[in-house]
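Encoded as structure tokens, the structure appears first; notes follow it.
The values are calculated or read from the model by the stated rules, or taken from the named source; none is laboratory data. These numbers were taken from a predicted model, which means no experiment stands behind them. Quick reminder, even Gly has a Cβ in these numbers, built from the backbone with ideal geometry, and neighbours come from all protein chains shown. Heads up: the accessible areas ignore ligands, DNA and RNA and are worked out on the full protein's heavy atoms, side chains in. Shrake-Rupley method; radii C 1.70, N 1.55, O 1.52, S 1.80 Å.
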Amino acid sequence: MGDSNYSQQLLDHQETLPTTKAASASQNHKKLSIIPFIFLIYFEVSGGAYGAEAAVGAAGPLCSILGFLIFPFLWSIPEALITAELATTFPGNGGYVIWAHQAFGPFWGLLIGSWKFVSGVINLASCSVLCIEYIKLVLPLFSCGASRYFAVVSLALVLSFLNYTGLVVVGYTAILLAGEVDRPQKTFPKALFLAGLLTCLAYLVPLLAATGAMPLKQENWVNGYFADVAQIIAGKWLMIFLESGAVLSSIGFYEAQLTSCAYQLLGMADLGVLPQCFSVRSKWFNTPWLGILVSTLITVAVSSMNFADLISSINFLYSLAMLLEFASFLWLRRKLPMMERPFRVPLELPGLTMMCLIPSGFLVYIMSLANGTVLLVSSVVSALTILWYFMTNHFCKSNMWTHFNNVGPKLMDQDLE
């Protein structure tokens, strides 16, 4: 069928884009109010441990500040524009799964979904590891060995159970965490001023003693006292105070990320990509319990990995998914130029290509830094996704081994060529 006819079919079916049973059923579910939702978004974007220190140490303060100022224009704005166009053109509980599906077919929708899902759950493991890394500075018992792994796994299980208790609980927990995370930011300048004042006094007292304004014995006592107090305030105390903020921020990010991962599996099940069991909700808390369970099990399984490998695996899988998302955006714009788009990026295809080229360069560079472990993890995830796709299409669905949702009228899965 020609492109013009296919484009017309897409236009005719715009009002029947892939919606889901959950979309209609969700009207009966208790929805999260706007304020907790905003704080969940905050932790999803800005949660986690402090991360700017390494950049400043590697590139210096000037280059780091310039990078923080320029990067949003090179990455965040293009990604926001692409998301706005695709999400309004192809609405539904599926996001990038729907976009890749409609651009290249159902296999690519499943692939981008698996890449982003596994990237997210590995990110959960990195949060648990980071929390224990901060806690061990206060409790050296968790520095290494079985006790450390037990602490990481226990923390992941406790936080996952909190997520299981429902979106409302998680949302209001995010509000409380945000307030506590912000507390060190307000207290730090005052404590730093006090520490600086005491340090200055520690240097001033010897000068007074040298001029005879203070007896030597008194000088030694006062000098030692001020120096000790300054060290306590500027060192151990502030370390614990700031690290507690990092731990709480990591917990907030864990809850937001786990919510995203679990509901992504629910959405993929509602679209018929995963078995229907992933869309089943807990009868007590109305949460996608199987998605939470699978996410937690994978998190626990990879928690023993080296932290650097965890971060590299997250970045590699996420980069693969984003490259496919950019390609889906460009391909849909090229093949369906006449399709109505409620929001349209005000550029033609050459300009859109240039807009995607710069962030794609960042992604390729990040992928080029991967080591053997990261390549192995990414290869295993991709291979299992391919195996799952062919098993479900050639065996499970045809033999009715498990149930998949029939999402009803949707865009045609036809070849775009």
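Among the helices (runs of 4 or more DSSP H) lying completely within the stretch 70-141, list those that include at least 3 residues that are surrounded by fewer than 23 Cβ atoms within 10 Å (Cβ to Cβ).
Helices (runs of 4 or more DSSP H) meeting the threshold: 77-89, 106-135.
Give me the residue from the stretch 35-69 that is at negative phi and part of a loop (DSSP other than H, G, I, E, B) and, out of that set, modelled with the highest pLDDT.
My answer is 47.
Looking for whichever is within 22 Å of the chain's Cα centre (by Cα) and in contact (Cβ under 8 Å) with a residue 12 or more places away in the chain here; the options are 352, 369. Which one fits?
On inspection, the qualifying residue turns out to be 369.
Please determine whether any residue of the stretch 261-271 is among the aromatic types (Phe, Trp, Tyr), open to solvent by less than 10 Å² (accessible area, probe 1.4 Å), assigned to a helix (DSSP H, G or I) and under 22 Å from residue 42 (Cα atoms).
No; the residues of the stretch 261-271 include none that is among the aromatic types (Phe, Trp, Tyr), open to solvent by less than 10 Å² (accessible area, probe 1.4 Å), assigned to a helix (DSSP H, G or I) and under 22 Å from residue 42 (Cα atoms).
If you take the residues of the stretch 150-164 that are over 20 Å from the mean Cα position of the chain (by Cα) and among the hydrophobic types (A, V, I, L, M, F, W, C), which of them is surrounded by the most Cβ atoms within 10 Å (Cβ to Cβ)?
151
Look at the stretch 275-298 and say how many of its residues are free of Cβ contacts under 8 Å to residues at least 60 places away in the same chain and buried (at least 19 other Cβ atoms within 10 Å of the Cβ).
Residues in the stretch 275-298 being free of Cβ contacts under 8 Å to residues at least 60 places away in the same chain and buried (at least 19 other Cβ atoms within 10 Å of the Cβ): 4 in total.
Can you spot a residue in the stretch 299-309 that is on the phi < 0 side of the Ramachandran plot, buried (at least 18 other Cβ atoms within 10 Å of the Cβ), among the aromatic types (Phe, Trp, Tyr) and out of contact with any Ser or Thr (no Cβ under 6 Å at 6 or more places or on another chain)?
No, the stretch 299-309 contains no residue that is on the phi < 0 side of the Ramachandran plot, buried (at least 18 other Cβ atoms within 10 Å of the Cβ), among the aromatic types (Phe, Trp, Tyr) and out of contact with any Ser or Thr (no Cβ under 6 Å at 6 or more places or on another chain).
Regarding residue 324, is this residue modelled with pLDDT under 95, surrounded by 13 or more Cβ atoms within 10 Å (Cβ to Cβ) and not small (Gly, Ala, Ser)?
When the stated conditions are applied, residue 324 does not pass them.
Can you name the number of the only condition in (1) surrounded by fewer than 17 Cβ atoms within 10 Å (Cβ to Cβ); (2) touching an Asp or Glu at 6+ places or on another chain (Cβ under 8 Å); (3) of a type outside the set (Gly, Ala, Ser) that residue 248 fails?
Residue 248 satisfies all of (1) surrounded by fewer than 17 Cβ atoms within 10 Å (Cβ to Cβ); (2) touching an Asp or Glu at 6+ places or on another chain (Cβ under 8 Å); (3) of a type outside the set (Gly, Ala, Ser) except (1).
Can you say whether residue 147 is open to solvent by less than 30 Å² (accessible area, probe 1.4 Å), modelled with pLDDT of 80 or more and part of a helix (DSSP H, G or I), as far as the supplied structure shows?
no
Six or more apart or on different chains, Cβ atoms under 8 Å: show the pairs whose first residue is in the stretch 111-125 and closer than 14 Å to residue 308 by Cα and whose second is outside any helix (DSSP H, G or I).
So the pair list comes out as 125/303; 125/305.
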